[in-house]
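Colleague: Shown below is the structure under consideration.
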Amino acid sequence: MGATLAAPIPLAAQPSDSSGPQVESKRWSSFLPLLGEEATKRGIELPLPFGAGFVYYHLSRDIEVSDIRVGRNGAPPASVSDFAQLSSSSNVENLNVKLDAWILPFFNVYLIAGYIWNTSETQIDVSLPPLLAGGPTRQRRLTVPTEIEGTVGGVGLTLAGGYGPFFMTYDANLAQADLGFDDRFKAVVTSIRGGWNGQAGSRPFRTWVSITDWNTFATATGTVSDPDGGSLSFEVDQGPVYRNTYGVGAHYGATRQIELAVDGGTDGHGGWYLALIPVFRF
């Protein structure tokens, strides 16, 4: 099914563009991040502690169906993979609302809630018995298009650090999607980014390279009506054929409150993703 959650891109602390610590009037949100004054004394400009924004994400990739089990009228599902082999390609559109907070200058937490639209094409290769005794086995291929959609929510954290103009972040989030099956899909997405802090004109600019691990392997379960009467229960084990993606991205601080980020990459085998992330900080 390929439901996933786009990992947001929290913003690490960056070198100040002045020769000394930034002096800023007290805000209602100045109690965060904890230890923020220590970072400011070292000439580091911190982002405003709270953020609210959107995450738009597109993901295209191949899905492997490792096993299918079917049961009729309450019987325990049994594998039918000896008779049919399945493979699938998936296109995911995901739009989330993201809320985040810098608890420490190097530690960010966030919440995500949104909606997923998933379209896919599943190839079914079926081996049929011969028409005549001793004849060849008949092979048939069917293409089944499907469209599913549903809600998604998640929590995550980011650790950030740097030296001079260079930085690294580690991001991990746990997501859960309700796509209409008996069980909700769960996914753990982790990424490592490394890059450079600088400026575009007088405003902060950041660019990076990344590697992301998509642990989105799941079992889809459900029950449908049997055309011959009764019910059919099914279990489908599926996950990405290539679970790692490799990307590049950039962030621009248009103002102290408005930040824009873009992130994109590929799995090296035709799969790709693109994320667009506007954020308002306060």
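Colleague: Quick one: count up the residues across region 37-87 that are under 29 Å from Lys98 (Cβ atoms), at pLDDT below 85, touching a Leu at 6+ places or on another chain (Cβ under 7 Å) and open to solvent by 50 Å² or more (accessible area, probe 1.4 Å).
Modeller: The total comes to 0.
Colleague: Determine whether region 257-266 contains at least one residue that is surrounded by 14 or more Cβ atoms within 10 Å (Cβ to Cβ), closer than 30 Å to Leu46 by Cα, at pLDDT 95 or above and β-branched (Val, Ile, Thr). Walk me through how you get there before you give the answer.
Modeller: We begin by selecting, within region 257-266, every residue surrounded by 14 or more Cβ atoms within 10 Å (Cβ to Cβ); these are 259-266.
When the remaining residues are screened for being closer than 30 Å to Leu46 by Cα, the result is 259-265.
Filter once more, keeping what is at pLDDT 95 or above: 259-265.
Still in the list and also β-branched (Val, Ile, Thr): 262.
Yes, region 257-266 contains a residue that is surrounded by 14 or more Cβ atoms within 10 Å (Cβ to Cβ), closer than 30 Å to Leu46 by Cα, at pLDDT 95 or above and β-branched (Val, Ile, Thr).
Colleague: Taking the criterion of being open to solvent by 20 Å² or more (accessible area, probe 1.4 Å) and over 25 Å from Arg72 (Cβ atoms), would at least one residue in region 216-227 satisfy it?
Modeller: For region 216-227, residues open to solvent by 20 Å² or more (accessible area, probe 1.4 Å) and over 25 Å from Arg72 (Cβ atoms): present.
Colleague: Do any residues in region 65-89 that are within 19 Å of Gly239 (Cβ to Cβ) have Cβ atoms under 6 Å from those of residues that are open to solvent by less than 40 Å² (accessible area, probe 1.4 Å) and among the charged types (D, E, K, R), where the two are at least six apart or on different chains, and which pairs are they?
Modeller: Correct list of pairs: Ser66/Asp237; Asp67/Asp237; Ser79/Asp67; Ser81/Asp67.
Colleague: What residue, among those in region 179-194 that are assigned to a strand (DSSP E or B) and open to solvent by less than 20 Å² (accessible area, probe 1.4 Å), is nearest to Trp117 (Cα to Cα)? Give the steps one after another, and end with the answer.
Modeller: First, pick out the residues of region 179-194 that are assigned to a strand (DSSP E or B): 185-194.
From what is left, the residues that are open to solvent by less than 20 Å² (accessible area, probe 1.4 Å) are 185, 187, 189, 191, 193.
Details: Phe185: 14, Ala187: 16, Val189: 19, Ser191: 23, Arg193: 27 Å.
Among those residues, the one meeting the criterion is Phe185.
Colleague: Looking at the structure I just gave you, is Trp117 modelled with pLDDT of 80 or more and under 19 Å from Val262 (Cβ atoms)? Walk me through how you get there before you give the answer.
Modeller: Values: modelled with pLDDT of 80 or more: yes; under 19 Å from Val262 (Cβ atoms): no.
It is false that Trp117 is modelled with pLDDT of 80 or more and under 19 Å from Val262 (Cβ atoms).
Colleague: Exactly one of these conditions fails for Asn96: (1) more than 19 Å from Ile258 (Cα to Cα); (2) at pLDDT 85 or above; (3) of a type in the set (S, T, N, Q). Give me its number.
Modeller: Tallying (1) more than 19 Å from Ile258 (Cα to Cα); (2) at pLDDT 85 or above; (3) of a type in the set (S, T, N, Q), Asn96 fails exactly one: (1).
Colleague: Could you please let me know if Pro33 is of a type outside the set (Lys, Arg), under 30 Å from the mean Cα position of the chain (by Cα) and part of a loop (DSSP other than H, G, I, E, B)?
Modeller: Values: of a type outside the set (Lys, Arg): yes; under 30 Å from the mean Cα position of the chain (by Cα): yes; part of a loop (DSSP other than H, G, I, E, B): yes.
Yes; evaluated as a whole, the condition is true for this residue.
Colleague: Also, I was wondering about something else. Six or more apart or on different chains, Cβ under 6 Å: which pairs go from a residue in region 179-206 that's at pLDDT 90 or above to one that's open to solvent by less than 60 Å² (accessible area, probe 1.4 Å) and charged (D, E, K, R)? Could you list them?
Modeller: Close Cβ pairs (under 6 Å, with a partner that is open to solvent by less than 60 Å² (accessible area, probe 1.4 Å) and charged (D, E, K, R)) amount to Thr190/Asp213; Ser191/Asp171; Asn197/Arg206.
Colleague: Separate question: Report, by residue number, each residue of region 148-178 that is exposed (fewer than 15 other Cβ atoms within 10 Å of the Cβ) and hydrophobic (A, V, I, L, M, F, W, C).
Modeller: Val155, Phe166 - these are the residues of region 148-178 that are exposed (fewer than 15 other Cβ atoms within 10 Å of the Cβ) and hydrophobic (A, V, I, L, M, F, W, C).
The values are calculated or read from the model by the stated rules, or taken from the named source; none is laboratory data. Because the structure is predicted, anything quoted here is derived from the model rather than measured. Using ideal geometry, Cβ is built from the backbone for each residue, glycine included, and neighbour counts are taken over all protein chains shown. For the accessible areas, the whole protein counts, side chains as well, though only heavy atoms, and no ligand, DNA or RNA atoms are used. Shrake-Rupley method; radii C 1.70, N 1.55, O 1.52, S 1.80 Å.
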